[in-house]
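These notes concern the structure reproduced below.
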Amino acid sequence: MSTLSIEGALERLLLPEPGLAYLRHDRAGELRLEPGSLACADGLIVALEDDVAAEVRIDASGCAVVPGFVDAHTHLPFAGWRAEEYEQKLRGVPYEEIARGGGGIASSARAFAEATDEQVLAQARALAAELLRHGTTTFECKSGYALSIEGERRQLGLAAALGREVDQATRVTALVAHAVPPGTTAAAWLDEVEAALPELLAAAPVTALDAFVESVAFSNDDLRRVGGWARAAGVALRAHVEQLATHRSVPVALELGARSVDHLACLHPDDVAPLAASECAAVLLPGAELLGAEQTAPARALADAGAICVLATDLNPGTSPISSLPLIIGLAARRYGWTAKEAFLAVTLNAAWLLDLPDRGALEPGRRADLLLLDGPIAHTPYRLGRNPVEVVVVGGAVRHVRPGSEWRLQGSHA
């Protein structure tokens, strides 16, 4: 039996009551911050104490201990970057104009087609390592950067391969309606996807289908079509909506039983209350808002209304080339007026619920031992914007990252 103990933490981020699947955001203040320790065995948390004999002991003095971060919206694996588009945005060129000129998703699709499998995986492995150093112990992967059936199948296969190679756990989403391939129509592309859907779902352990509703992408009727496929396949429906303009996609997504609606920068005020009352996560992406020159999502209103709020990096080569959830936590605090507890809830318990991973996201016995040691109180994470506070990362009860200079915290035969 492999055992690990974390001893003498300044703070532990604890749920207000045991066994929660998610916490509505208006209750985030009920999260408890208490000093103490915890013990792990065979990859699970077994006790909120340290009176067990452990092979590895971690001195957490001066540290906060929190659940491992769950990044529930990334676009890994992808190929290349789009820095030149960022310069265009800084000069005031709208994303719609960039996309219609062959940039945006189409640019990433070309880069993906030109890269070898190993080149794509090498970049993805390096980014997964960045995610790990910043505390991400579980992350989602998406397809959608291929714009061909064969390319979709390839990207899903590479996402599955990435999941087998990295230290973290992964989830795979088939973003089958991301952009309309050149020379065709949305309806014709979705006809192709529908015919190939069984083989796409077989290319990876797909847990969700996704669609992007926008003037340069797909419509609400297209979202309904993808939602029907998700229901028939027994997977979740997710949707990129209200990112660049208001299309009233949230009522459609709720009607379809979507697991999440993501972006929401242009969410209609009338849709806040129904979304907050539902069991559909509001996934907010402040990095994309900032770097994409988008509006700010009504995150304070969603939180106050009791929505299931989630934060994510949206790690992608165009609108949010960010791999740090601590930075996203800081942006959320500043842009949304959220507290540290609200932001931490959105990258732990609620994000794990969104990805249907009830075994993680909280510090309590029986949960998977995905844990972080932060080098100070959790309030310092948003306060010291842009700084990485992560000293030690534990994934499934095994130490997977130690910040250089912090090795002294580990003692034991497997330290």
Some residue of the stretch 87-106 being open to solvent by 60 Å² or more (accessible area, probe 1.4 Å) and at pLDDT 95 or above: no
Those residues of the stretch 107-124 which are surrounded by fewer than 16 Cβ atoms within 10 Å (Cβ to Cβ) and in contact (Cβ under 8 Å) with a residue 24 or more places away in the chain, in sequence order: Ala113, Glu114, Asp117, Gln119
Which listed residue, of Gly19, Gly43, Gly68, Gly62, is at positive phi and open to solvent by less than 20 Å² (accessible area, probe 1.4 Å): Gly43
Conditions (1) closer than 24 Å to Ala111 by Cα; (2) buried (at least 23 other Cβ atoms within 10 Å of the Cβ); number of the one not met by Val193: (2)
Residue satisfying condition, being free of Cβ contacts under 8 Å to residues at least 40 places away in the same chain and not in a strand (DSSP E or B), within set Glu96, Glu84: Glu84
Residues that are out of contact with any strand residue (DSSP E or B) (no Cβ under 6 Å at 6 or more places or on another chain), open to solvent by less than 10 Å² (accessible area, probe 1.4 Å) and within 19 Å of Ala126 (Cα to Cα), drawn from the stretch 317-332: Pro317, Gly318, Ser320, Pro326
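Per-residue answers, yes or no, for (1) over 30 Å from Ala83 (Cα atoms); (2) among the small types (Gly, Ala, Ser); (3) open to solvent by 20 Å² or more (accessible area, probe 1.4 Å):
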| residue | (1), (2), (3) |
| --- | --- |
| Glu214 | no, no, no |
| Asn220 | yes, no, yes |
| Ala236 | yes, yes, yes |
| Glu242 | no, no, no |
| Leu254 | yes, no, yes |
| Ser260 | no, yes, no |
| Ala282 | no, yes, no |
| Arg300 | yes, no, yes |
| Leu315 | no, no, no |
Unmet requirement for Ala333, which otherwise passes all of (1) part of a strand (DSSP E or B); (2) hydrophobic (A, V, I, L, M, F, W, C); (3) touching a residue at least 24 places away in the same chain (Cβ under 8 Å): (1)
Residue count for the stretch 125-167, restricted to those that are in a helix (DSSP H, G or I) and either touching a residue at least 60 places away in the same chain (Cβ under 8 Å) or open to solvent by 30 Å² or more (accessible area, probe 1.4 Å) (or both): 17
Every pair of residues 6+ apart whose Cβ atoms lie under 9 Å, when the first sits in the stretch 195-209 and is over 16 Å from Leu76 (Cα atoms) while the second is in a strand (DSSP E or B) and of a type in the set (A, V, I, L, M): Leu197/Ala174; Leu197/Val176; Leu197/Leu209; Leu200/Ala174; Leu200/Val176; Leu200/Val206; Leu201/Ala174; Leu201/Leu209
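The values are calculated or read from the model by the stated rules, or taken from the named source; none is laboratory data. Note that the coordinates shown come from a computational prediction; the quantities given were computed from them, not determined experimentally. Ideal geometry is used to build each Cβ from the backbone, glycine not excepted, and the neighbour counts take in all protein chains shown. Heads up: the accessible areas ignore ligands, DNA and RNA and are worked out on the full protein's heavy atoms, side chains in. Shrake-Rupley method; radii C 1.70, N 1.55, O 1.52, S 1.80 Å.
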